[in-house]
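Report on one structure; see the data block that follows.
The values are calculated or read from the model by the stated rules, or taken from the named source; none is laboratory data. Just so you know, these numbers come straight off a predicted model, no measurement behind them. Glycine also receives a Cβ, built like all others from the backbone with ideal geometry; neighbour counts cover every protein chain displayed.
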Amino acid sequence: MSSDRKVIQEATRRVLLKDYLVRESARAGFGGLDIQRTPMGTRVTLICERPGILIGRRGELIKQMTQDIAARFALDNPQIEVQEERQPSLNAQLMAEKLASTLERGWHFRRAGHSTVRRIMESGARGCQVILSGKLTGERHRTERFKSGMIKYCGEAVHLHMSKGFYQARLKPGVIGVNVWIMRPTAKMPDEIKVAGAVVRPKPVVEVLPPVEGPDVVVPEPVGGTAGPEVGL
């Protein structure tokens, strides 16, 4: 088998495995997937919002899932590790699933989009963008964007600091695609420069009092007195 075919086969297997885990962990809140090849086998790290639902009582559900993965996808000694997402509002995949569920419950797409962006930004993200595409209001397909903060579309900053999630909302008119992009709170742009050891001195504050006016105000005479009018003797 050629190397190109091996790469395509491995990528196809990863996509099918991700789709399977998304379906199986829908109730637990799928937040991400990481697959690593080790000398002991294949380690699958699954990030979810509620890991207890996925593990099951005494680990029965996770054992059954491990056996299904080994049989379906021909993985060598798969080991599934479940991690809890500490900040679900900053996980793009989780927020895409929540937004799709909100649309399926009957929320208006503008209200749901603005609410999702506001929730993400209140959690500390530097930027957020929500893209909804499909039959939103009529028979014609269109795309709506909701954006706040800083968003990068290309370059190294996208790979290092951007998190992307995708999910589908199945409605009666059709399927609506939900894309959520989040810039992490720890993101540091290349143009943001901080000089080490620099001391910023505060500017002096000059307090200016307003003039006082009124009939009872007595204006003091200047030092040295004033020359009075000449009086003839």
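Is there a residue being under 28 Å from A26 (Cβ atoms), surrounded by fewer than 11 Cβ atoms within 10 Å (Cβ to Cβ) and assigned by TED's automatic domain parsing to the domain that holds S115 anywhere in the stretch 176-197? Checked against the condition, which is being under 28 Å from A26 (Cβ atoms), surrounded by fewer than 11 Cβ atoms within 10 Å (Cβ to Cβ) and assigned by TED's automatic domain parsing to the domain that holds S115, the stretch 176-197 yields no hits at all.
Of the conditions (1) surrounded by fewer than 12 Cβ atoms within 10 Å (Cβ to Cβ); (2) in contact with a Cys (Cβ under 7 Å, 6 or more places away or on another chain), L54 fails just one. Which one is it? Looking at each condition in turn, L54 falls short on (1). Among the residues here, R105 qualifies as charged (D, E, K, R), exposed (fewer than 14 other Cβ atoms within 10 Å of the Cβ) and either closer than 24 Å to R23 by Cα or touching a residue at least 60 places away in the same chain (Cβ under 8 Å) (or both). Every residue in the stretch 50-87 that is in a strand (DSSP E or B) and either under 16 Å from S25 (Cβ atoms) or not assigned by TED's automatic domain parsing to the domain that holds E10 (or both), please. Within the stretch 50-87, P78, I80, E81, V82, Q83, E84 qualify.
Keeping to the stretch 92-124, report how many residues are assigned to a loop (DSSP other than H, G, I, E, B) and either among the acidic types (D, E) or touching a helix residue (DSSP H, G or I) at 6+ places or on another chain (Cβ under 6 Å) (or both). Qualifying residue count, the stretch 92-124: 1. Within the stretch 121-160, the residues that satisfy the criterion of being among the acidic types (D, E) and within 21 Å of M183 (Cβ to Cβ) are E122, E144, E156. Candidates H108, H114: the one that is within 29 Å of N179 (Cα to Cα) and touching a strand residue (DSSP E or B) at 6+ places or on another chain (Cβ under 7 Å) is H114. Within the stretch 30-76, the set of residues being under 16 Å from L17 (Cβ atoms) and small (G, A, S) comprises G31, G32, G41, A70, A71, A74.
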